[in-house]
Amino acid sequence: MSNWDFNQKLKDDYAQAKRISTSYEGEQECLCMALLMRHGVNFVLLKPRKIKQKNSKSLAALFMTIDEIHIGQQRFKFSELIHNEINEAEKTITSIADSRKTKYRKRNLVSATNNFLYEMLKSIGYNTSLKSTRATHYVIKMKRIKSISGFGVDYQTWKDISLIGQQINQKFRSEFEDLNTKREMPVLFQFQQISSLMFPDISGKILDSLLIDFIFHHRDNNKKIITSSINDELIDISLTEIEKEKDIVYRIVDCAFGRFFSQISTPSSNGK
């Protein structure tokens, strides 16, 4: 093998590793959201700027931007929940070129989002182990989950997490595509149908107080939060109705995870 071929192979291997790493960030995020949704947490997500990949056969997961978290009758602006971590990270990139700041800001948003969702799951009793990752000066160190179990789920390898997270990510994207709304439009997702095979129905367990206490703790740390009661009119929006007269348009989506998960075969269900 020539030096050129060897160097090209190294570049290709590095690019592939980077794609896998980036995809896993979206996969972990979606799995964490789905686990929280089975406890009754609802998420307002912003429609990604691009739904389809350039390569139509690519299954790489897209990162989902969370606009709000709804727990019981409480509504929390997500940007306020991760404000402190993002603000601290911003201080480290003030000296770098503006052309690179956007890249680091996006990376920090991804890490801060995943870290917060991870801590939410820990706060209600999920058991996890983390992959060892290297810290960098400019980017928040993301807590990459290697295994997670609790409340009837048991994913013992990152491949398990990657597989189910990828499927959930694809489902979110297809829901956005079906809605045919403008990019970055906020959409409220509810976990109304749950498969007993994959995610047992535990919506009756009262964990709202634990999650809200966890979020209030972050409010005290960040010194800033937006909390309000969910408008009853919003809850009553039908699946097919969009309130165009409102500044922020919500559409309640029944993700039908019960039907969706029942069709997924994971390594853990195949004699792993």
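Taken together, the values in this text are just the output of simple stated rules run on the coordinates, not laboratory data. Treat the numbers as computed from the prediction; the structure is a model and nothing was measured. Positions of Cβ are generated from backbone atoms using ideal geometry, with glycine treated the same way; all protein chains shown enter the neighbour counts.
Under the 0.36 nm per residue contour assumption, what length would be gained going from the current alpha-carbon distance of LEU130 and THR157 to full extension? Numbers along the way, then the final one.
Values: separation 27, 0.36 × 27 = 9.72 nm, distance 1.04 nm.
Length gained, LEU130 through THR157: 8.7 nm.
For the range 88-187, run through the GluC sites (Glu not before Pro) and keep only the ones in DSSP coil with at most 14 other Cβ atoms within 10 Å of their Cβ. List each step's numbers first, then the result.
Details: sites: GLU88, GLU90, GLU119, GLU175, GLU177, GLU184; in loops: GLU184.
Loop-located and lightly packed - GLU184.
Starting from the 7 Å offset along Cα-to-Cβ, what nm value, one decimal, do you get for the label separation of SER147 and ASP98?
4.9
Order of TYR155, TYR126 from fewest to most other C-beta atoms within 10 Å?
Details: TYR155 24, TYR126 18.
Fewest-to-most ranking of TYR155, TYR126: TYR126, TYR155.
Once amide H atoms are built 1.01 Å from N in the peptide plane, which residues 5 or more positions from GLU68, or in another chain, come under 5 Å H to H?
The answer is VAL44, PHE78.
Within the range 143-194, report the trypsin sites (Lys or Arg not before Pro) that DSSP leaves as loop and that have at most 11 other Cβ atoms within 10 Å. Don't jump to the answer; show the numbers that get you there.
Working: sites: LYS143, ARG144, LYS146, LYS159, LYS171, ARG173, LYS182, ARG183; in loops: LYS143, ARG144, LYS182, ARG183.
In loop regions of the range 143-194 (DSSP not H, G, I, E or B), the sparsely surrounded trypsin sites (Lys or Arg not before Pro) are LYS182, ARG183.
Longer than 19 Å from Cα to Cα, which of LYS106/LYS141; LYS47/LYS77; LYS103/LYS182; LYS50/LYS106; LYS101/LYS141; LYS77/LYS143 are they? Say none if no pair is. Kindly include the intermediate steps, with their values, before the conclusion.
Numbers: LYS106/LYS141 13 Å; LYS47/LYS77 16 Å; LYS103/LYS182 24 Å; LYS50/LYS106 15 Å; LYS101/LYS141 17 Å; LYS77/LYS143 22 Å.
Beyond 19 Å: LYS103/LYS182; LYS77/LYS143.
For LYS146, which sequence-distant residues (separation of 5 or more, or a different chain) have an amide H within less than 5 Å of its own amide H, given hydrogens modelled in the peptide plane?
Residues meeting the amide H criterion: SER129, LEU130, LYS131.
Tell me, in nm to one decimal, what length is gained between TYR138 and ASN84 on full extension, where the rule is 0.36 nm per residue of separation less the Cα-Cα distance?
Details: separation 54, 0.36 × 54 = 19.44 nm, distance 1.54 nm.
So the chain would gain 17.9 nm between TYR138 and ASN84.
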